[in-house]
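Trainee: Pasting in a structure now, in structure tokens, and then I'll have a few things to ask.
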Amino acid sequence: MTQSFYDRVAGELTEIDAQGLTKPERIIASRQGPVIQVAGRDVLNFCANNYLGLAGDERVVQAGIAAQQKWGAGTASVRFICGTLEIHKELEAAIAGYLGFEDAILFAAAFDANGGLFEPLLGENDAIVSDSLNHASIIDGVRLCKAKRYRFANSDMDELESRLKEAREAGARDIIIATDGAFSMDGYIAKLDEIRALADKYDALIMVDDCHATGFLGPQGKGSFAHHAVEVDFVTGTFGKALGGAMGGFICAKKSVVELLKQRARPYLFSNALAPAVCGSSLEAIRIAQGAEGDALRTRLSANAHRYRMAMTDAGFDLLNGEHPIIPVMLGDAKLAQDFAARALELGVYVIGFSFPVVPRGQARIRTQMSAAHSFDQIDRTVAAFTQAGRELGVI
């Protein structure tokens, strides 16, 4: 055993803690929902990605149970060997049909979807132009690819056009503009209408990660591209947020693209197939999301976000502007964010302080997230708790 290695690991952990950057894992003893049980008591939950409130919905739960009873716990195999079940094909058809694409491919996680997209499709003669605030999974997926990389400041269309010009002048064969549909730490929605215009001008493809958009943004919750009424070439997404809250990712695209990905995408070829229970729950969540009930849930979610944003602004908190249900409360200092989250929990509200490396240094925050399952009373109680914590800690 090399003790120096373990001493270095211990030292790094000590340094992380000293900077207030330790990210504690609090144990939840209940289903996901607007109220959860933590440390033996019920607290309000305002940091889950449970946008439509379906993670604990009994219909979604029972659909997952029924799928597991029929298909078993898992396939014990990857898809191309003996891991493709009928329910996998049903889910691929359902998500592609819901979002308006020809076909879809499933992954064990949305991180894998972004990790498996670029390398099979692009080579050293191609280019990727990526937004600076893109999710880590997009960044890692781009790194796996031999295409030339360009970067533009978040939603800066002038800089995006400059990068597109550079790529074209450098002789790029194909160009993909890669962006989050909604940026998970800030709640900003990508300017896909303007990106679409630039893509048309420079003959580029568009890839959108809609993990924080599918199910609740745009008509029928089809996502950020539907929100802006534009078409894109590739959409990656998840069943781990609005669409049931379990796990698993997907890519929607033209059928030929999906076929190529199934032949060459390494996270697909070398990972076990998505568990049947996840597929069953996700199918039920899609059924709810694309119908009239989904419309009602989206209306409620929007109303909740508006009420919370207005009340927190009136209380004197610094919020990032936006229209998304992600509403970051900006605090700046990492230790202050951790202290605020701890005090909020004492006051009955479960939230998490976000700090480096999840967000840039000096931009620590409490990322609050609204759900359609929240009541106005729960929102008002949360604002009251935040106001008390904010006064005690000198935030407001």
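The values are calculated or read from the model by the stated rules, or taken from the named source; none is laboratory data. A quick note: this is a predicted structure, and the numbers were derived from the prediction, not measured. Heads up, the Cβs are rebuilt from the backbone with ideal geometry, glycines too, and the neighbour counts pull from every protein chain shown. Note: accessible area is taken over every heavy atom of the protein model, side chains too, but ligands, DNA and RNA are not part of it. Shrake-Rupley method; radii C 1.70, N 1.55, O 1.52, S 1.80 Å.
Trainee: For segment 71-147 and segment 49-69, what is the separation of their C-alpha centers, rounded to whole Å?
Mentor: 23 Å
Trainee: Using alpha carbon centroids, what distance separates segment 199-256 and segment 298-327, in Å?
Mentor: Here the answer is 23 Å between Cα centres.
Trainee: Could you pull out the trypsin sites (Lys or Arg not before Pro) across segment 241-297 that fall in loop regions by DSSP (anything but H, G, I, E, B) with no more than 16 other Cβ atoms inside 10 Å?
Mentor: Hits after loop and neighbour filter: LYS254.
Trainee: Among (i) 128; (ii) 164; (iii) 156, find the value of volume of the Cα convex hull per residue in Å³ that was calculated from the structure presented, and write down its label.
Mentor: (ii)
Trainee: Let me ask you something else. For the pair GLU25 and LYS146, what calculated FRET efficiency results from E = 1/(1 + (r/R0)^6), where r is the Cβ-Cβ distance and R0 = 51 Å, to the nearest 0.05?
Mentor: Computed FRET efficiency for LYS146 and GLU25: 0.90.
Trainee: So for the chain, averaging the separation of alpha carbon pairs under 8 Å that are six or more residues apart and normalising by length, what relative contact order in percent results?
Mentor: Worked out over the chain, it gives 22 percent.
Trainee: Another question, if that's okay. Measure off, as a whole percent, the carbon and sulfur share of the 1.4 Å-probe accessible area of segment 13-148, all protein chains present.
Mentor: 54 percent
Trainee: To continue, here is another question. Relative contact order for segment 59-288: what is it in percent, counting Cα pairs under 8 Å that are at least 6 residues apart?
Mentor: 32 percent
Trainee: Just from its helices, what would the mean residue ellipticity at 222 nm be for the chain, if runs of 4 or more DSSP H residues each count -39500 (n - 2.57) and the sum is divided by every residue, rounded to the nearest 500 deg cm²/dmol?
Mentor: Value at 222 nm, helices only, nearest 500: -13500 deg cm²/dmol.
Trainee: If r is the Cβ-Cβ distance from GLU90 to GLN388 and R0 is 45 Å, what FRET efficiency results, to the nearest 0.05?
Mentor: 0.40
Trainee: So, one more: With each label point set 7 Å from Cα along the Cα-Cβ vector, what nm distance links ASP42 and GLU15?
Mentor: 4.5 nm
Trainee: Give me the accessible area per residue for the chain, probe 1.4 Å, as a whole number in Å².
Mentor: 44 Å²
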